[in-house]
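Novice: Submitted below is the structure of interest, expressed as structure tokens.
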Amino acid sequence: MSTQSLQEELLEGEIIIYVREGSSKGIWQARFTNPLSKSPRYIRESTKTASKALATERAIKSYREYQSRAFLGLKEGETTIGMLISRFGNEFKKTCREVIDTCHSLYWIKFMGDQDLSRWTTEDVEDYFRWRIQEQLNRPSGRFHKASQDSISSATLILERSYLKALFKHGFNNQLIARMPSFPRNFERFGSVHTLPHNQRRGRFDPKTEYQGILMPDFKRIALGLKKKEWRPFLEDPNRPFNEVDNHWISATVANHQLGIDKKSKFFTKKTSRNSLSMYRFAALLIANTGIRPAEIVKLRHRDIRLVQDDDGTFFTVVYISEETSKINMARHAISHDFEATYERYLQYRQELEHYFNREIKDGDWLFPQYATNSPGAYDNRNTKLHNLFRPNLQRLGLHKRESATHKGVTIYYSAYSFRSFYITQRLAAQLSIYIVAKNVGASIETIMRNYDVNETWAFRNEMTRHLKQWSKEDKDKDDIKRLEQYSVSW
């Protein structure tokens, strides 16, 4: 028996509209041959109406839409932003996919929703970015930093543009998008957009006033606090060695409480705060002395850090960044600037981890495990939110942000990445070859020159003047010097 109680042919049988037998609301369905691909053979859609006239109009409209898409060479009925991410998201590196997911949840889904992107034009793309700028400006300050209340960084828009354009290109190459629209090259014309110089986009510590004057004394304070005997953790039974099952480390705060000592708790006696300070100090100085990216150090394991003795007896700390760990998928060895000091800090840090997690540390364990928890299995998860470790400590020191020197009202933020910038800046200032700097930090020479041109130019100035001064020249008398000083300026 037929499953349709009502059925009509449209356009000489190209389309069939029908009402399913037993339909309580009498909604008309439409069916026609799929012109986009062989599977499925038919396109079946509900017209969402019980009116035959409306159903006829909607069925013909849908049929013509599919024929039009077939004429354009498309393979699917519609393409949404969610479909593009679902289908092509795994084509991107994990860090890139995280940016895509963030953009999608904050902006793309809000503006694009279930819109069909297969016919988006250049005007549609520009409409999105105009909306995008206003959306961020109107968003209240919260857990996401706003560099300015009146403008948005062009670098932010350029990064987002690159990922959105890549998704569209995947769709176009796979015949899901009819024509590849153009994406804006310059965002300043949109208004409310600022462009900082490459070497000012992240906070960089002043070597004397901030790094030597504030950070190093704080690192020393943390080191002394961790070493103080009465603040260190105690074994439940001090007469027996540590045992993961029945003789754990307990914090000095808990030990004092058990002994009935009414003593004001110190910051370094609390288990969680002690662990966070230890991890912050080691991570910050590891980056500052090797230039390794924050996104790379969270993927390091204990086996990746080693102490190496050179032929002349000198010790060096060497960190191995595997191809899987490297952001650019190229393995390298990073040599620490402070010789064996990084490894000595590592041994202290490793001991703190043993105290905190009450377990023996293995070479295959994460170097930076999940932060602020010691629940079972926590050590099996790496720290993916290192900024939550750096931000409060930099805020505590008043080093978390500053106003741009060139753009009034624009805030530049400090982060874990500022320690990488410090390393590169200092090595260039010390005239280490830019090639060697690039190799150690895992970046291209072009990237170093673009983002650190102030320091690279200064190194160039030093090298050139040193070279030129070796050549003899006629001494100038006092009158000549005085005359020339009228025109000269400082470097």
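The values are calculated or read from the model by the stated rules, or taken from the named source; none is laboratory data. What you see is a predicted model, and the numbers here were worked out from it, not measured in a lab. Using ideal geometry, Cβ is built from the backbone for each residue, glycine included, and neighbour counts are taken over all protein chains shown.
Novice: For the stretch 155-171: of the residues being without any contact (Cβ under 8 Å) to a residue 60 or more places away in the chain and out of contact with any helix residue (DSSP H, G or I) (no Cβ under 7 Å at 6 or more places or on another chain), which is surrounded by the fewest Cβ atoms within 10 Å (Cβ to Cβ)?
Specialist: Per the stated criteria, the residue is 162.
Novice: If you don't mind, another one. Can you give me the number of residues within the stretch 77-116 that are crowded, with 17+ Cβ neighbours inside 10 Å, at pLDDT 90 or above and touching a Gly at 6+ places or on another chain (Cβ under 7 Å)?
Specialist: Adding up the residues that qualify gives 2.
Novice: Can you tell me which of 232, 132, 240 is surrounded by fewer than 14 Cβ atoms within 10 Å (Cβ to Cβ) and modelled with pLDDT of 90 or more? Even if it seems obvious, please write down each step before you answer.
Specialist: Working: 232 fails: surrounded by fewer than 14 Cβ atoms within 10 Å (Cβ to Cβ); 132 fails: surrounded by fewer than 14 Cβ atoms within 10 Å (Cβ to Cβ).
Going through 232, 132, 240 in turn, the sole match is 240.
Listed here are the residues, each with its yes/no results for (1) among the acidic types (Asp, Glu); (2) within 20 Å of residue 298 (Cα to Cα); (3) out of contact with any His (no Cβ under 9 Å at 6 or more places or on another chain); (4) outside the structural domain of residue 323 (by TED's automatic domain parsing).
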residue: 389; (1), (2), (3), (4): no, yes, yes, no
residue: 402; (1), (2), (3), (4): no, no, yes, yes
residue: 408; (1), (2), (3), (4): no, no, yes, yes
residue: 416; (1), (2), (3), (4): no, yes, no, yes
residue: 449; (1), (2), (3), (4): no, no, yes, yes
residue: 460; (1), (2), (3), (4): no, no, yes, yes
residue: 465; (1), (2), (3), (4): no, no, yes, yes
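Novice: Which condition number does residue 182 fail, the rest of (1) assigned to a helix (DSSP H, G or I); (2) among the polar types (S, T, N, Q); (3) loosely packed, with under 14 Cβ neighbours inside 10 Å being met?
Specialist: (1)
Novice: Taking the conditions exactly as written (closer than 25 Å to residue 87 by Cα and within 24 Å of the chain's Cα centre (by Cα)), does residue 159 satisfy them or not?
Specialist: yes
Novice: Please determine, by comparing only the residues of the stretch 341-356 that are farther than 20 Å from residue 293 by Cα and either of a type in the set (A, V, I, L, M, F, W, C) or assigned to a loop (DSSP other than H, G, I, E, B) (or both), which one is farthest from the chain's Cα centre (by Cα).
Specialist: Among them, the one singled out is 347.
Novice: Could you tell me which numbered condition residue 99 fails, if it satisfies all but one of (1) in contact with a strand residue (DSSP E or B) (Cβ under 9 Å, 6 or more places away or on another chain); (2) in a helix (DSSP H, G or I)?
Specialist: In the conditions (1) in contact with a strand residue (DSSP E or B) (Cβ under 9 Å, 6 or more places away or on another chain); (2) in a helix (DSSP H, G or I), residue 99 misses (1) alone.
Novice: Would you be able to tell me the number of residues in the stretch 118-127 that are at pLDDT 90 or above and crowded, with 17+ Cβ neighbours inside 10 Å?
Specialist: 1
Novice: Still on this model: Is it the case that the stretch 316-324 has a residue that's among the small types (Gly, Ala, Ser), in contact (Cβ under 8 Å) with a residue 24 or more places away in the chain and either under 29 Å from residue 205 (Cα atoms) or touching a strand residue (DSSP E or B) at 6+ places or on another chain (Cβ under 6 Å) (or both)?
Specialist: So in the stretch 316-324, the residues among the small types (Gly, Ala, Ser) come out as 322.
Next cut, in contact (Cβ under 8 Å) with a residue 24 or more places away in the chain only: none.
Scanning the stretch 316-324 turns up no residue that is among the small types (Gly, Ala, Ser), in contact (Cβ under 8 Å) with a residue 24 or more places away in the chain and either under 29 Å from residue 205 (Cα atoms) or touching a strand residue (DSSP E or B) at 6+ places or on another chain (Cβ under 6 Å) (or both).
Novice: Going through the stretch 95-134 one residue at a time, which ones are over 24 Å from residue 175 (Cα atoms) and either out of contact with any helix residue (DSSP H, G or I) (no Cβ under 8 Å at 6 or more places or on another chain) or not assigned by TED's automatic domain parsing to the domain that holds residue 153 (or both)?
Specialist: Within the stretch 95-134, 98, 102, 105, 106, 134 qualify.
Listed here are the residues, each with its yes/no results for (1) modelled with pLDDT under 90; (2) acidic (Asp, Glu); (3) closer than 30 Å to residue 209 by Cβ.
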residue: 354; (1), (2), (3): no, yes, no
residue: 361; (1), (2), (3): no, no, no
residue: 366; (1), (2), (3): no, no, no
residue: 377; (1), (2), (3): yes, no, no
residue: 380; (1), (2), (3): yes, yes, no
residue: 387; (1), (2), (3): yes, no, yes
residue: 391; (1), (2), (3): no, no, yes
residue: 400; (1), (2), (3): yes, no, yes
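Novice: Continuing with the same structure: Of the conditions (1) surrounded by 14 or more Cβ atoms within 10 Å (Cβ to Cβ); (2) free of Cβ contacts under 8 Å to residues at least 60 places away in the same chain; (3) part of a loop (DSSP other than H, G, I, E, B), residue 359 clears all except one; give me its number.
Specialist: Exception for residue 359: condition (2).
Novice: Scan the stretch 203-247 for residues that are in contact with a Leu (Cβ under 9 Å, 6 or more places away or on another chain) and either within 20 Å of residue 279 (Cβ to Cβ) or among the charged types (D, E, K, R) (or both) and report the count.
Specialist: 10
Novice: If we keep just the residues of the stretch 388-403 that are surrounded by 15 or more Cβ atoms within 10 Å (Cβ to Cβ) and touching a helix residue (DSSP H, G or I) at 6+ places or on another chain (Cβ under 9 Å), which is nearest to residue 147 (Cα to Cα)?
Specialist: Within the stretch 388-403, the match that is nearest to residue 147 (Cα to Cα) is 401.
Novice: Take the residues in the stretch 174-198 that are touching a strand residue (DSSP E or B) at 6+ places or on another chain (Cβ under 8 Å) and of a type in the set (Ser, Thr, Tyr); name whichever of them is nearest to residue 132 (Cα to Cα).
Specialist: 192
Novice: Let me ask something additional. Assess whether residue 484 counts as being touching a helix residue (DSSP H, G or I) at 6+ places or on another chain (Cβ under 9 Å), at pLDDT below 90 and not in a loop (DSSP other than H, G, I, E, B).
Specialist: Numbers: touching a helix residue (DSSP H, G or I) at 6+ places or on another chain (Cβ under 9 Å): no; at pLDDT below 90: yes; not in a loop (DSSP other than H, G, I, E, B): yes.
Judged against the criteria, residue 484 is not a match.
Novice: Which of the residues that make up the stretch 22-68 are buried (at least 17 other Cβ atoms within 10 Å of the Cβ) and either among the hydroxyl-bearing types (Ser, Thr, Tyr) or assigned by TED's automatic domain parsing to the domain that holds residue 87 (or both)?
Specialist: 47, 56, 62, 63, 66
Novice: Turning to a different aspect of this structure: Which of the helices (runs of 4 or more DSSP H) found entirely inside the stretch 395-456 contain at least 3 residues meeting this: polar (S, T, N, Q)?
Specialist: Helices (runs of 4 or more DSSP H) meeting the threshold: 417-429.
Novice: Within the stretch 16-43, count every residue that is touching a Phe, Trp or Tyr at 6+ places or on another chain (Cβ under 9 Å) and either small (Gly, Ala, Ser) or closer than 17 Å to residue 65 by Cα (or both).
Specialist: Qualifying residue count for the region: 12.
Novice: Right, next: Does residue 29 satisfy being in contact (Cβ under 8 Å) with a residue 12 or more places away in the chain, polar (S, T, N, Q) and in a strand (DSSP E or B)?
Specialist: Judged against the criteria, residue 29 is a match.
Novice: For the stretch 206-227: of the residues being assigned to a helix (DSSP H, G or I) and among the acidic types (Asp, Glu), which is surrounded by the fewest Cβ atoms within 10 Å (Cβ to Cβ)?
Specialist: Among residues in the stretch 206-227 that are assigned to a helix (DSSP H, G or I) and among the acidic types (Asp, Glu), the one surrounded by the fewest Cβ atoms within 10 Å (Cβ to Cβ) is 218.
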